[in-house]
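Contents: one structure, followed by commentary.
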Amino acid sequence: MNLIAARLNRISPSQTIAISTKARQLKAEGRDIISLSAGEPDFDTPDHIKRAAIAAIEAGETKYTDVAGTMALRKAAAAKFKRDNGIDYTPQEIIVSTGGKQVIFNAMLATVEAGDEVIIPTPCWVSYPDIVQLAEGKPVFVPCSQNNGFKLRAEDLEAAITPKTKWLMLNSPSNPTGAAYSAEDLRPICDVLLRHPDIWVFTDDIYEKLVYDGFAPATIVGVEPKLRERTVTMNGCSKAYAMTGWRIGFCGAPVQLIKAMDKLQSQSTSNTSSVSQAAALAALEGPEDAIDVMRAAYRERRDLVVAMLNEAPGITCSKPEGAFYVFPSIAGCLGKTSAGGTKIVDDEAFVTALLEEQGVAAVHGSAFIYPGYFRVSYATSTEALRDACTRIQTFCQGLR
């Protein structure tokens with residue numbers, strides 16, 4: 001009898017986490033490593049949020065809460081959706097979970113039956129397909145070309161829909177590309193969805209506040225309110241408020257689905273940390289000056305990285321609208337051999353050789369279901385980014 005359940009054979013460990021772990025190991029061994037692989041702000045959590053957590057501890061707010069989160073935080077999340085997105089949710093239509101990943105996990109496990117199809121535009125975050133497969137669903141990948149800004153086209157969505165389609169997952173701004181959807185971008189996608197009334201939509205807007213150059217991000221229900229009753233609108237505190245370790249994600253959705261997700265969560269983690277919830281309440285209701293500071297720094301870093309990567313032979317890098325990633329093509333590097341003797345047969349060989357020979361950790365595009373590219377996170381210091389990009393230029397100049 002096998003100890004490990006067969007369902008685990010359908011998934012793999014997060015490749016972004018694996019690369020970050022390898023980079024830390026090499027650094028611990030004394031190697032000079034610059035990691036551009038982690039999707040985590042390098043800024044500290046703002047002081048008013050930390051103070052709120054400390055106050056909650058001192059006030060004894062360390063007990064269980066409702067599984068779906070404290071009423072105060074659910075009201076604050078509903079207010080956030082109204083303020084930022086123009087969507088009306090009641091607190092009963094909100095659930096707070098242990099990070100955005102648990103929101104996705106809950107939604108898929110609560111709804112997907114064996115064989116149900118979930119449309120996922122690619123490049124996509126590494127966890128989407130694995131969560132769908134763990135729920136016994138089938139990921140249906142729709143490649144989104146760099147020529148279209150890595151964004152889903154309405155005609156490609158239409159072509160991917162079958163009688164088995166249950167969900168469309170949409171991430172804006174995107175991990176790994178930074179591509180973001182405007183209301184104009186989403187309108188034709190909404191029109192397709194209106195023609196297919198059995199398809200649900202999961203919108204992952206976790207990077208929503210990290211957009212640049214005056215770009216106005218949009219979300220599905222904000223563009224088409226008629227889709228409200230079959231959409232999950234997800235957000236959280238990890239990226240905008242530099243709160244990755246606090247593990248706070250939340251979503252708005254119809255009550256029927258929220259109740260199902262609550263039921264599932266009650267038998268897994270129950271409520272997320274009460275102290276983290278107090279901190280999240282301060283984040284959602286407090287000043288956002290810190291976000292403005294982070295956003296300005298990220299924009300400068302993005303511009304630096306895009307410019308320097310485009311100077312590397314064989315690499316082309318477009319400028320994204322949001323998040324803190326760039327997703328450059330290595331088409332001009334494939335088939336060559338590195339100075340250290342590695343044949344660059346694919347994007348994984350490229351990032352492996354880059355780490356071994358130049359000490360720069362990045363994530364290969366195949367991890368995001370999009371070979372021929374690699375992801376760079378610019379959520380680190382300008383000095384480190386300049387050094388890393390110089391090393392990438394050196395690596396590419398050495399290819400023969």
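Structural remarks
- Between helix 274-285 and the chain: long-axis angle, C-alpha atoms, 0 to 90°, nearest 10: 80 degrees
- Checking [x] 95, 28, 18; [y] 34, 25, 21; [z] 40, 26, 21 against semi-axes √(5λ) of the Cα gyration tensor in Å calculated from these atoms, the matching label is [y].
- All other residues whose Cβ lies under 14 angstrom from that of ALA331 are scored, Lys and Arg at +1 and Asp and Glu at -1, for a net of -1.
- Dipole magnitude for the chain: computed about the Cα centre from +1 point charges on Lys and Arg Cβ and -1 point charges on Asp and Glu Cβ, it is near 480 debye.
- Placing +1 on the Cβ of every Lys and Arg and -1 on the Cβ of every Asp and Glu, with nothing else charged, gives the stretch 7-89 a dipole about its Cα centre of roughly 360 debye.
- Set of the stretch 267-291 residues, backbone N closer than 15 Å to the point 7 Å along the Cα-Cβ line of ALA5: 267-269
- Helix 183-194 axis, angle to the chain major axis (alpha carbon atoms, nearest 10°): 60 degrees
- Net dipole in debye of the stretch 242-296 [+1 Lys, Arg Cβ; -1 Asp, Glu Cβ; about Cα centre; nearest 20]: 340 debye
- Residue-normalised accessible area of the chain, expressed per residue, 1.4 Å probe, Å²: 42 Å²
- The stretch 22-160 shape via C-alpha gyration tensor axes, a/c threshold 1.5: oblate
- For the pair ARG24 and GLU356, a Förster radius of 22 Å applied to the C-beta separation gives a FRET efficiency near 0.90, rounded to the nearest 0.05.
- Net charge over other residues, Cβ less than 11 angstrom from the Cβ of ASN271 (K, R count +1; D, E count -1): -1
- Neighbour net charge for PRO188 - beta-carbon separation under 12 angstrom, K R +1, D E -1: -3
- Net lengthening on full extension, ALA55/ASP292 (0.36 nm per residue, minus Cα-Cα): 82.8 nm
The values are calculated or read from the model by the stated rules, or taken from the named source; none is laboratory data. Computed from a predicted structure; not experimentally measured. As a convention, Cβ positions derive from the backbone with ideal geometry for all residues, glycine included, and neighbour counts pool all protein chains shown. Heavy atoms of the whole protein, side chains included, go into the accessibility calculation; ligands, DNA and RNA do not. Shrake-Rupley method; radii C 1.70, N 1.55, O 1.52, S 1.80 Å.
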